[in-house]
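Below you'll find the structure, written out as structure tokens, and then a few comments.
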Amino acid sequence: MEKIIIEGGYRLEGELPISGAKNAALPLMCAGLLTKGGLTLHNLPNLADIKTLASLLTELGCHITYEKDGWDRGLGQSMTIKADHITSTTAPYDIVRKMRASILVLGPLLAREGEAIVSLPGGCAIGNRPIDLHLKGFEDIGASIELKEGYVRSSGKLRGGTIYFPTVSVGATENILMAACLAQGTTTIENAAKEPEITDLAQCLVAMGAKITGIGSSRLVVEGVPELHGAEYTVMPDRIEAGSYAVAAAMTHGELELIGKNLPEVMTGTLGILKKAGLTFINTDKGLITRLTNDKIIGINAVTNPYPGFPTDMQAQLMAMMTLCEGASVITETIFENRFMHVPELCRMGADITINGSTATIRGIKRLLGAPVMATDLRASMSLVLAGLAAEDITEVNRIYHLDRGYERLVQKLEACGAKISRMKTDNI
């Protein structure tokens, strides 16, 4: 096990490269199952979740090769997924339990092979994330679904149809979208999620020969084709990572240039809230420059919502920043029921936060104090790192394996911009 040690109080300044988006890369990797022609993905982050999914794809019969094309310059790596022959249609529990995104192999396997057996992903630290919408969607386009011994067993020849999601679901939209590309006839997905990661997936599928209209809207129409061909595609920059480092700049009263293409376009909800909180953003040829406008953090009200609203994946980071605001702030979480687990740890550092159901009230304080803290999930981990960067004295963040799932080279990136931060071994569990 490892922990992160932070000596707080140092101003962050300089260029900080934003990695490829994990939440875009994972479904894109699953799309590689849809073609025999091979899919090459560029700007892929080197993260634990990427490695886990690569292991699953290998288990299913894919041949995967890597090329560290821009690794030394912080530009990620390239991966080629060759699925000439699917040798297994079973995604076992031992792999799926490590990462919920593994459920996204269900649609491609079902569409290409006519069957798929995928372990149920189970629970999650930040709340229950059922896959009912995935399964109902597949049934609506011709699949037979059976839940048995902890596995989803699906089979059938997929045909076009209309799917209406009663609530917005990113994962279900991605799963059905991939499957519909090889279904017979036309599939319409109503109330589809509109996140930039879904647009990224749709554009990659089009590059592979899929026929999709309505990209970026809540109504996707997919005309099925007999097969998809190979393609090359570059993964979009991680909008959550970019938002997290924008918060880091504000909390340390620093200035960072976040390096990544099209960041303003994909960060709509995040930028809107951060601007209200007192941040300035300047577009550059390479990305975005961010800093506090008047050297103070302003208390605000924020509610998490599906895109283009403020993302739940930025809620913990925003809360860390609001601990140092002038006045008070109120943050309401509408997506996941258990996503305030970082609050007790922030309070250990002196934060003044009160929880009432799905709403947190944060009263700003003058300074945070370093302390040993425990990470509970990916975004909670980042909120504690951010708090440590701004706190007096030393902060120890334990259980940082959560961070390795979503933040590539975090210590190196922050250290290059002036943070006093390091990783070290620990005997803690």
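The values are calculated or read from the model by the stated rules, or taken from the named source; none is laboratory data. Worth saying up front: this structure is predicted, and the values here are computed from it rather than measured. When we count neighbours, we look across all protein chains shown, and the Cβ atoms used for this are built from the backbone with ideal geometry, even at glycine.
Report yes if Ala242 is touching a strand residue (DSSP E or B) at 6+ places or on another chain (Cβ under 6 Å), within 30 Å of Thr270 (Cα to Cα), in a loop (DSSP other than H, G, I, E, B) and not charged (D, E, K, R), otherwise no.
Answer is no for this residue.
Kindly indicate whether Asp352 is on the phi > 0 side of the Ramachandran plot, modelled with pLDDT of 95 or more and in the same structural domain as Met251 (by TED's automatic domain parsing).
no
Kindly provide the set of residues from the stretch 141-158 that are small (Gly, Ala, Ser) and either crowded, with 16+ Cβ neighbours inside 10 Å or outside any loop (DSSP other than H, G, I, E, B) (or both), ordered by number.
If the condition is that a residue be small (Gly, Ala, Ser) and either crowded, with 16+ Cβ neighbours inside 10 Å or outside any loop (DSSP other than H, G, I, E, B) (or both), then Gly142, Ala143, Ser144, Ser154, Ser155 are the ones that fit.
Yes or no, residue by residue, for (1) at negative phi; (2) in contact (Cβ under 8 Å) with a residue 40 or more places away in the chain; (3) among the hydroxyl-bearing types (Ser, Thr, Tyr):
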{"residue": "Arg363", "(1), (2), (3)": "yes, no, no"}
{"residue": "Leu386", "(1), (2), (3)": "yes, yes, no"}
{"residue": "Tyr401", "(1), (2), (3)": "yes, yes, yes"}
{"residue": "Ile421", "(1), (2), (3)": "yes, yes, no"}
{"residue": "Thr426", "(1), (2), (3)": "yes, yes, yes"}
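Residues Asp49, Asp72: which one is closer than 20 Å to Lys413 by Cβ and either in contact with a helix residue (DSSP H, G or I) (Cβ under 7 Å, 6 or more places away or on another chain) or at pLDDT 95 or above (or both)?
Among Asp49, Asp72, only Asp49 is closer than 20 Å to Lys413 by Cβ and either in contact with a helix residue (DSSP H, G or I) (Cβ under 7 Å, 6 or more places away or on another chain) or at pLDDT 95 or above (or both).
Name the pairs whose Cβ atoms lie under 9 Å apart, with the first residue in the stretch 51-65 and under 19 Å from Glu115 (Cα atoms), the second surrounded by fewer than 14 Cβ atoms within 10 Å (Cβ to Cβ) and acidic (Asp, Glu), and 6 or more positions between them or separate chains?
The qualifying pairs are Gly61/Asp84; Cys62/Asp84.
For the subset of the stretch 387-415 comprising residues that are of a type in the set (A, V, I, L, M) and within 24 Å of the chain's Cα centre (by Cα), which member is surrounded by the most Cβ atoms within 10 Å (Cβ to Cβ)?
The qualifying residue surrounded by the most Cβ atoms within 10 Å (Cβ to Cβ) is Ala387.
Since Arg291 meets every condition but one in (1) at pLDDT 95 or above; (2) basic (Lys, Arg); (3) assigned to a helix (DSSP H, G or I), which condition does it not meet?
(3)
In the stretch 340-360, what residues are surrounded by 15 or more Cβ atoms within 10 Å (Cβ to Cβ) and either charged (D, E, K, R) or in a loop (DSSP other than H, G, I, E, B) (or both)?
Selection gives Phe340, Met341, His342, Glu345, Arg348, Met349, Gly350, Ala351, Ser358.
Only residues in the stretch 79-94 that are without any contact (Cβ under 8 Å) to a residue 12 or more places away in the chain count as the first member; pair them with residues that are buried (at least 19 other Cβ atoms within 10 Å of the Cβ) and in a strand (DSSP E or B), Cβ under 9 angstrom, at least 6 apart or cross-chain, and list the lot.
Every condition considered, the pairs that remain are Asp94/Ser119.
For Lys22, which of the numbered conditions (1) buried (at least 21 other Cβ atoms within 10 Å of the Cβ); (2) under 20 Å from Gly150 (Cα atoms); (3) among the charged types (D, E, K, R) fails to hold?
Every condition holds for Lys22 apart from (2).
Yes/no per residue for (1) touching a strand residue (DSSP E or B) at 6+ places or on another chain (Cβ under 8 Å); (2) assigned to a loop (DSSP other than H, G, I, E, B):
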{"position": "Thr187", "(1), (2)": "yes, no"}
{"position": "Ile198", "(1), (2)": "no, no"}
{"position": "Gln203", "(1), (2)": "yes, no"}
{"position": "Ser217", "(1), (2)": "no, yes"}
{"position": "Ala246", "(1), (2)": "yes, no"}
{"position": "Glu257", "(1), (2)": "yes, no"}
{"position": "Lys261", "(1), (2)": "yes, yes"}
{"position": "Ile282", "(1), (2)": "yes, no"}
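Select, from Lys296, Lys276, Lys286, the only residue that is among the basic types (Lys, Arg) and within 20 Å of Ala21 (Cα to Cα).
Selected residue: Lys286, the only one of Lys296, Lys276, Lys286 that is among the basic types (Lys, Arg) and within 20 Å of Ala21 (Cα to Cα).
Lys296 is checked against (1) touching an Asp or Glu at 6+ places or on another chain (Cβ under 8 Å); (2) closer than 16 Å to Lys275 by Cα; (3) crowded, with 19+ Cβ neighbours inside 10 Å and fails just one. What number does that condition carry?
(3)
Could you list, in sequence order, all residues of the stretch 303-339 that are part of a loop (DSSP other than H, G, I, E, B), farther than 21 Å from Ala172 by Cβ and touching a strand residue (DSSP E or B) at 6+ places or on another chain (Cβ under 9 Å)?
Thr323, Cys325, Gly327, listed by residue number.
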